[in-house]
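What follows is a set of notes on a single structure, which appears directly below.
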Amino acid sequence: PLSAIPEPSQTLDRDNYKHYDDNQGRLVAESPVSTFSIDVDTGSYSNVRRMINAGNLPREDAVRVEELINYFSYDYPQADDNRRPFTITTEVGVTPWNPDTHLLHVGIKGHDISAKELPASNLVFLVDVSGSMNSPAKLGLLKSALKMLSKQMRSEDRISIVVYAGASGVVLEPVAGNQTAKVANALDALSAGGSTNGAAGIRSAYQLAEQEFIKGGINRVILATDGDFNVGTVNFEALKDLVEEKRKTGISLTTLGFGTGNYNDHLMEQLADAGNGNYSYIDTLNEAQKVLVDEMSSTLNTIAKDVKIQVEFNPAVVSEYRLIGYENRALKREDFNNDKVDAGEIGAGHTVTALYEITLNGSKGKAIDPLRYSKPSLTETGHANELAHLRLRYKEPEGTESKLIESPVRVSDIETDLASSSDHYRFSASVAGFGQLLRGGKYTEDFAYDDVMELARKSRGEDRFGYRGEFISLVNLAKSLSSTRREEIQASR
């Protein structure tokens with residue numbers, strides 16, 4: 001296997017990633033309903049980018065395909081109805097890596113709000129100053145990133161800073177958001193040293209956020225760390241429970257990850273999910289600009305919470321389906337209607353994209369043998385033109401009861417020519433193909449890095465900040481690293 005040859009820079013690597021297996025194909029006759037929580041985290045993409053730029057192909061468990069796809073914004077139509085915080089777009093077309101299957105593309109676009117229109121913000125920067133953070137790529141980059149965010153704040157906003165190492169403490173009592181010099185001076189004075197009591201810091205930060213709580217405003221703790229908690233409460237589930245309990249106060253948690261060597265990706269991603277927030281990995285100052293300045297509204301301002309998607313496939317039309325990514329976002333079918341079950345949040349202007357690979361009845365692409373004793377197909381259901389039925393549940397930011405949106409996906413919507421599909425369909429498919437290749441390419445047939453690049457180039461569209469162009473360069477670099485790795489394996493035999 002590829003992992004048999006250790007990479008020199010990762011020999012002593014203690015980075016922590018949760019193992020998971022790819023979603024498998026399912027027979028519609030057995031399991032017609034797929035349910036999952038949406039995900040707007042992007043940490044996996046920038047972390048994977050950091051590894052590839054350092055000359056290493058990423059570990060498979062570091063690659064969460066949905067986070068790669070959702071790193072990019074897509075040009076979905078804006079909501080024109082103020083009663084709904086977002087719009088839903090669906091598209092069905094050809095699968096680039098398998099001519100015998102199709103992709104069902106689901107896109108959600110949150111109602112956008114400019115930074116000037118944002119509600120007043122109460123932000124608590126929770127900064128890890130333990131010894132493991134003593135690096136320009138960690139504490140140094142962290143200071144620069146938080147200064148960039150602070151410069152976007154206004155007089156009606158509040159910023160405070162809590163630090164933690166062996167103990168925790170407030171280093172900046174709440175100040176008006178436009179007091180940028182005070183914030184910058186407090187950040188500049190930080191230095192790293194000692195062990196890491198993350199739980200103590202989290203408790204202190206939430207306590208300060210509660211003290212300064214702005215009713216109807218943005219109340220958020222921003223945790224900036226490598227996640228290497230090693231004293232105090234270090235049990236993973238106990239930390240999650242702590243954050244889940246604190247989210248009931250109406251305070252969200254954003255996690256910003258930094259560094260490598262002892263980075264805890266698993267903890268950072270799961271804490272943000274538990275805290276009704278989002279997770280980003282900051283590998284460069286450009287990434288800090290993207291997350292904390294250009295996309296500040298979507299990072300900070302939640303417009304809908306506990307967003308769940310449920311797709312019911314029509315067995316008269318579809319024989320098999322496979323959700324690409326979202327492995328750790330799966331929900332039980334009954335969770336969809338249970339408002340006590342937590343799910344993902346959408347920020348202002350956020351786009352969320354999900355892809356299913358589907359096999360139509362009569363297609364050569366079937367991967368699963370049909371049941372010998374399955375029920376006859378119900379073709380006379382009155383829904384013969386429906387490929388699937390999409391349901392989406394969400395709550396208002398302060399709400400406790402969910403609202404339901406439903407939308408059918410029609411057979412007549414299928415686009416048979418890949419080149420005629422939208423740019424967002426094809427570009428998201430190229431990213432999905434790339435992510436799957438990095439995870440071993442179990443389902444991508446003969447699709448290769450060159451195919452990813454060609455598809456991405458032709459669907460690049462408007463690329464205002466150059467992220468899509470950077471993606472194409474990243475794929476090209478991964479191709480070279482993949483060829484080098486194969487040569488090393490062959491030479492070792």
**Message:** Quick check: the distance between the Cα centres of segment 280-300 and segment 419-489, to the nearest angstrom?
**Reply:** 23 Å
**Complete:** For segment 264-390, shape from the Cα gyration tensor axes a ≥ b ≥ c, cut at a/c of 1.5 then a/b versus b/c, turns out prolate
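Counting only heavy atoms of protein chains, what accessible area per residue, in Å², does the chain have with a probe of 1.4 Å?
Details: 20940 Å² over 493 residues.
Ligands and nucleic acids excluded, the result is 42 Å² per residue.
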**Item:** Pair Lys479, Gln78: separation of 7 Å Cα→Cβ label points (nm)
**Value:** 3.8 nm
**Prompt:** Once every DSSP H run of n ≥ 4 in the chain is given -39500 (n - 2.57) and the sum is divided by its residues, what mean residue ellipticity at 222 nm do you get, rounded to the nearest 500 deg cm²/dmol?
**Reply:** -8000 deg cm²/dmol
**Request:** Would you work out what percent of the accessible area of segment 295-423, with all protein chains in place, is carbon or sulfur (probe 1.4 Å)?
**Result:** 47 percent
**Lys, Arg +1 and Asp, Glu -1 on Cβ, resulting dipole of the chain about Cα centre, debye, nearest 20** = 540 debye
**Item:** Amide proton proximity set for Leu360, modelled H, under 5 Å, gap of 5+
**Value:** His102, Ser319
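Membrane-span-like helices in the chain: DSSP H runs reaching 30 Å or more (Cα, own axis), mean Kyte hydropathy at least -0.5? Mind showing how you got there, number by number?
Details: long enough: 467-492 (37 Å, -0.40).
Going by DSSP H runs, the hits are 467-492.
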**Fill in**
Glu406 and Asn178 label points (each 7 Å along its Cα→Cβ direction) are spaced in nm at 5.1 nm
**Request:** On the protein heavy atoms, probe 1.4 angstrom, tell me the percent of accessible surface of segment 48-92 carried by carbon and sulfur.
**Result:** 39 percent
**Asked** Which percent, nearest 5, of DSSP beta bridges in the chain are antiparallel?
**Response** 70 percent
**Asked** Of the accessible area of segment 123-258, with the probe set at 1.4 angstrom, what percent is carbon plus sulfur?
**Response** 46 percent
**Prompt:** Label 7 Å along Cα→Cβ of Glu445; segment 88-109 residues with amide nitrogen under 13 Å?
**Reply:** 94-103
**Message:** Given points 7 Å out from each Cα along the Cα-Cβ axis, report the Glu454 to Glu470 separation in nanometres with one decimal.
**Reply:** 2.7 nm
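The values are calculated or read from the model by the stated rules, or taken from the named source; none is laboratory data. If you're wondering where the values come from, they're calculated on a predicted model, not measured in any experiment. Cβ sites come from the backbone with ideal geometry, for glycine too, and all protein chains shown count toward neighbours. With ligands, DNA and RNA removed, areas are computed over all heavy atoms of the protein, side chains included. Shrake-Rupley method; radii C 1.70, N 1.55, O 1.52, S 1.80 Å.
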